[in-house]
Amino acid sequence: SSGINAEWPLRPGGREYRADYKHISKALARVGKAYAKKDDLEQAQIYYDKAITEHRDPTILKERSELMKEIKERERLAYIDPAKSKEEKTKGNEQFKAGKYADAIPFYTEAIKRNPKDCVPYSNRAACYTKLMEFGLAMQDCDKCIELDDKFIKGYLRKAALLKIDNPQEAQTVYKKALELDGNNLEAKQGYQHCMSAVRSLPPEERAKAAMNDPEIQNILQDPAMQMILEQMQKDPAAAQEHLKNPAVAEKFSKLVQSGIVSIR
C-alpha cells in the first residue's frame, strides 16, 4: 500500500522518508493531545516534550504549558493532607517558642502546602517574618490569613501591629475591625487607643492626608447628604449646631474632626 502508517513520524523511519520536522512536531503533539483526553497526563507530557524538541511551534508550546499547569495543580491537590499539616504546624510552633523564628518558617510553609485553606499557618508565619523584620512578607501573610478567614482575629492583630509604627491611621482601622470581632480583646483595645493618640499627635496636614486612605472617611466624604451639610456649615457656621443635633451626622462629623479633615475654629 502506498499509504503511510499513522505512527510513522514517531519512528526513525520518518527521517528516512525525510519528513519535515514541523510535521513530525504536529504529529507528536496530536498523540500528546490524545493521551491528555484519555487523562494520561504523564504520557501526554512525554509526547509534547518530544514535539517541542522537533519544533517550538507557538500553539504546541501553549498546549504544553496548559498541560503542565494541570499536572502541577493535580500534584498540589494530591499533596493536601490536613493531618500532616497539623503536624508541621506543631513543629513550627515548637521552633517559634524556642525563639528559632527562621527555623519555624519551613514548617509553617509545609503546613500551608498540606492545607492551603487553613489561615493559622499564615498567621504564624507572619509572626516569624515580623520577628525577623521581613515586614513585607509578614504583611502578605496577614492579608492572606484575613482573606481565608475574615473572622480570625489574630490576622487583624498581626496586621495592625505591622502598620501602627508607620501608618497609625490605617492600623487604627484594622484594630477597629478586630474589636468588631471581639470587643473585649485587650490587645485590640490597647492598640486602638495607642493609634488614636498617635493620629491626634500628627500635624493636621499629615493627619488629613492619612485619613483619606481610610475607607470609612472616604464613605463619609462621598455621602451626598454629608457633602451638602459640610457645605452649609462652611457658609453658615451657625447651621452646624442644628445639623449636629442629628446623632448620625454628629458621629460622622466627629470622625472628620478627629481625622483632621475638618477643623473647628
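Here are some notes:
- For the range 80-85, 3J(HN,Hα) computed residue by residue from phi via the Karplus equation (6.51, -1.76, 1.60; θ = phi - 60°) reads 5, 7, x, 5, 5, 4 Hz, glycine and proline entered as x.
- Degrees between helix 21-37 axis and first principal axis of the chain (Cα, 0 to 90, nearest 10): 60 degrees
- Here the calculated FRET efficiency for R56 and D81, from their Cβ-Cβ distance with R0 = 41 Å, stands at 0.60, rounded to the nearest 0.05.
- Per-residue ³J(HN,Hα) for the range 134-140, Karplus 6.51 cos²θ - 1.76 cosθ + 1.60, θ = phi - 60°, Hz, x for Gly and Pro: 9, 5, x, 5, 4, 5, 4
- 26 Å Cα-Cα threshold exceeded, pairs from K164/K235; K91/K117; K86/K176; K176/K252; K91/K131; K177/K255: K164/K235; K86/K176
- Across the accessible surface of the range 122-210, with the other protein chains kept in place and a 1.4 Å probe, carbon and sulfur atoms take up 50 percent.
- Computed FRET value (nearest 0.05) for A102 with Q190, which takes r as the C-beta separation and R₀ as 25 Å: 0.30
- In order along the range 86-100, the phi-based Karplus estimate (6.51 cos²θ - 1.76 cosθ + 1.60, θ = phi - 60°) of 3J(HN,Hα) comes to 5, 4, 5, 4, 4, 4, x, 4, 5, 5, 4, 4, 7, x, 9 Hz; Gly and Pro are listed as x.
- Amide H within-cut-off set for D81, under 5 Å, with H built and near neighbours excluded: N115
- Q258-D20 pseudo-label distance in nm [points 7 Å out on the Cα-to-Cβ vector]: 7.4 nm
- Ranked by the mean number of other Cβ atoms within 10 Å of their residues, highest first, the peptides 99-111, 189-201, 64-76 come out as 99-111, 189-201, 64-76.
- Relative contact order %, the range 22-177, counting alpha carbon pairs below 8 Å whose residues are six or more apart: 12 percent
- Computed Kirkwood radius, in angstrom, where 1/r is averaged over Cα pairs of the range 81-122: 9.7 Å
- Dipole of the chain computed with +1 at Lys/Arg Cβ and -1 at Asp/Glu Cβ about the Cα centre; of A29, P106, A198, farthest Cα towards the positive end is A29.
- The structure-derived value of semi-axes √(5λ) of the Cα gyration tensor in Å appears in the list (i) 38, 23, 16; (ii) 33, 19, 18; (iii) 60, 27, 15 under the label (iii).
- Averaged over residues, the count of other Cβ atoms within 10 Å places the peptides 166-174, 231-239, 131-139 in the sequence 166-174, 131-139, 231-239, highest first.
- Remark: relative contact order (the chain) = 8 percent; criterion is Cα-Cα distance under 8 angstrom and separation of 6 or more residues.
- Neighbour net charge for N219 - beta-carbon separation under 15 angstrom, K R +1, D E -1: 0
The values are calculated or read from the model by the stated rules, or taken from the named source; none is laboratory data. Source: prediction; values computed, not measured. Every residue, glycine as well, gets a Cβ built from its backbone with ideal geometry; the counts of neighbours run over all protein chains shown. Protein only, heavy atoms only, side chains kept; ligands, DNA and RNA dropped before computing areas. Shrake-Rupley method; radii C 1.70, N 1.55, O 1.52, S 1.80 Å.
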